[in-house]
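The values are calculated or read from the model by the stated rules, or taken from the named source; none is laboratory data. Treat the numbers as computed from the prediction; the structure is a model and nothing was measured. Every residue, glycine as well, gets a Cβ built from its backbone with ideal geometry; the counts of neighbours run over all protein chains shown. We work out accessible area using only protein heavy atoms, side chains counted, and drop any ligands, DNA or RNA first. Shrake-Rupley method; radii C 1.70, N 1.55, O 1.52, S 1.80 Å.
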Amino acid sequence: MTFTFVTLFSNLVEGYFNDSILQRAIEKNLFCVKYLNPRDFSLNKHSKVDDTAVGGGAGMVMNPQPLFDALDSLKKEDENVYIVFLTPVAKPFVQNDAKRLSNKSHIAFVSGRYEGIDERVIEKYADEVFSIGDYILTGGELASLVICDAVSRNIDGVLGNSDSLTIESFESSLLEAPSFSKPKCYEGLNVPSEYLKGNHSRIRSLKLALSECKTKFFRPEQLKKHNI
Ligand code: SAM
């Protein structure tokens, strides 16, 4: 699988793949990461990629020309590329999207900057458009990384233990039960005693009860959504 980051600031993205699980996945050729800078396609003599908004309004908007040309070149190279735009005015990205997108062969994430991207680019090229939440970031790079990370851990072989995927929060209507590590007692704080007794059916029941409590407290709408 290939991820292409279409961004003016690839250096903001690159570091994320230089360590930990995703670095190892790249070393194992489970996916690769590429970058495409719209500025390299600008026909402006100063390589400008933005301009003031038509009709007025604060700030600069990313011009269509560099992005049209960058995305045309991408599609010419790979006609199966699936183009995702990041914008706060879209449906929120969720875990099911992460799973679904992990079956694509090539995803390109297009990051806006300034006041955003000329809408004609999104209309012409978007296969899908996502927001990562109801707040405004300075650019789409972090949003692209969030989605890329969530998608890539669903690619076969990326996680050491693929069981992790099936028990995590958002796999069902319930959030995951609290996890504990060793030692059993740290600074007077104990792990729940049931976790230590080795009776797996009782541990499962306790975890289910704790999952329900957590979900009721933090995300009650999840329970309502699934009629629990
Ligand atoms: N003027 C835009 C608005 O009010 O909707 C915000 C533009 S924002 C400063 C610049 C870029 O950051 C956007 O084009 C988008 O790519 C990215 N961005 C900001 N917040 C985002 C979010 N919540 N989800 C996804 N992308 C976001």
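General observations
- Kirkwood Rh and Cα Rg combined as Rg/Rh, region 92-223: 1.09
- Among 86, 189, 145: highest mean-square fluctuation, GNM of the chain, C-alpha pairs under 10 Å: 189
- Accessible-area order (highest first, 1.4 angstrom probe) of the listed residues 113, 39, 204: 204, 39, 113
- Across 83, 132, 203, the residue with the most accessible area heads the list, and the full order at a 1.4 Å probe is 132, 203, 83.
- Taken over region 169-227, lysine pairs spaced eight or more positions apart, or on distinct chains, with alpha carbons under 19 Å apart number 10.
- Surface composition of the chain: carbon plus sulfur atoms contribute 52% of the solvent-accessible area (1.4 Å probe, protein chains only, all chains present).
- Only Cα sites of region 169-227 enter the Debye sum here, all with the same form factor; the resulting log10 I(q)/I(0) across q = 0.21, 0.24 1/Å is -0.84, -0.96, listed in q order.
- Derived from the Cα gyration tensor, the three semi-axes of the equivalent ellipsoid of region 2-152 are 25, 17, 15 Å, largest first.
- Taking Cβ atoms as reference points and 10 Å as the exclusive limit, the residues near residue 16 contribute a net charge of -4, counting Lys and Arg as +1 and Asp and Glu as -1.
- The alpha-carbon of residue 48 sits under 28 angstrom from the alpha-carbons of these lysines, leaving out residues fewer than 8 places away in its chain: 34, 75, 76, 124.
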